[in-house]
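I have placed the structure first, in the form of structure tokens, so that the comments after it can refer back to it.
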């Protein structure tokens, strides 16, 4: 193992450091109820992109807070009872190019690729929070007295709601839906499966948003986690509210949601990852009680993992 991390043996039993709010279960039960109240109605419009044997659509649904949320949808032409995969992108990005999803769709899957709200795609961020809006979505809403205003809560709920929308499409077999993505996409994969337990298979790659305090204590609040350092420098420079801040982040720490996952899990981890440290990923992995396995890349960090896309594709073929 690299010097910045604990040993693999320690990681395999590591249970995380970040505080868990006492009302965590009630918080997420209430959130799921709100998501369900939004329904699964969606608007589908033919997309400009086309591919042989496929139908491609721009999909819009109304998420929590009234935001219009966008996803790309591809389906095999005239096919019914299809398995489906929902896909999630990295932090600050978007669903990207349509062609990235063609291989799944031409293999018989319905594919839905989310644009996370307020990031690089078409989904809306409705705002309406007190405090910082300058840099980063993890800390968005931390200064609002209502923890429901944490923007990450909405990101998690959008992921699960997209899965519900897809499951209700007439040509999708709801019991055969999977989820996958890397980094933030890996985080949203875990959130999706935790908040929509019908997800049958999930394949998160080096998931983000796990065990924030561990990241801080490793002095790795840089890159994707840099906003944690910014927050303390701007709003709590003497760390007088440190315990309060990390406890509030505990609402949106995926290690505390992982036990709700029912689907079979394949997690891919680069052991040289200094962006989303491996121990933080294992904090979530170790709390998954469903069937699971991990795959390791000892010499790779937060980057493309050779062969990983093939592994995930073969895993999803089992839906």
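The values are calculated or read from the model by the stated rules, or taken from the named source; none is laboratory data. Remember, it's a predicted structure, so these values are computed and weren't measured experimentally. No Cβ is skipped: glycine too gets one built from the backbone with ideal geometry, and neighbour counts run over all protein chains shown.
Quick look at the numbers
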quantity	calculated
Scope segment 41-65; condition at pLDDT 95 or above and closer than 26 Å to residue 146 by Cα; matching residues	61, 62, 63, 64
Flag if residue 81 is under 24 Å from residue 171 (Cβ atoms) and free of Cβ contacts under 8 Å to residues at least 40 places away in the same chain	no
Some residue of segment 285-293 being in contact (Cβ under 8 Å) with a residue 40 or more places away in the chain, in a helix (DSSP H, G or I) and under 18 Å from the mean Cα position of the chain (by Cα)	no
Strands (runs of 3 or more DSSP E) (entirely within segment 1-107) containing at least 3 residues that are surrounded by fewer than 16 Cβ atoms within 10 Å (Cβ to Cβ)	43-46
Residue match in segment 127-140 (condition: more than 25 Å from residue 229 (Cβ to Cβ), out of contact with any helix residue (DSSP H, G or I) (no Cβ under 9 Å at 6 or more places or on another chain) and in contact (Cβ under 8 Å) with a residue 24 or more places away in the chain)	no
Options 148, 158: the member that is touching a helix residue (DSSP H, G or I) at 6+ places or on another chain (Cβ under 8 Å), at pLDDT 95 or above and more than 30 Å from residue 310 (Cα to Cα)	148
Selection status of residue 245, in a helix (DSSP H, G or I), within 21 Å of residue 182 (Cβ to Cβ) and modelled with pLDDT of 95 or more	no
Filter result for the condition that a residue is in contact (Cβ under 8 Å) with a residue 12 or more places away in the chain, more than 25 Å from residue 26 (Cβ to Cβ) and either surrounded by fewer than 23 Cβ atoms within 10 Å (Cβ to Cβ) or touching a strand residue (DSSP E or B) at 6+ places or on another chain (Cβ under 6 Å) (or both), over 270, 307	270
Helices (runs of 4 or more DSSP H) wholly inside segment 114-217 that include at least 1 residues being surrounded by fewer than 24 Cβ atoms within 10 Å (Cβ to Cβ) and more than 16 Å from the chain's Cα centre (by Cα)	151-167, 212-217
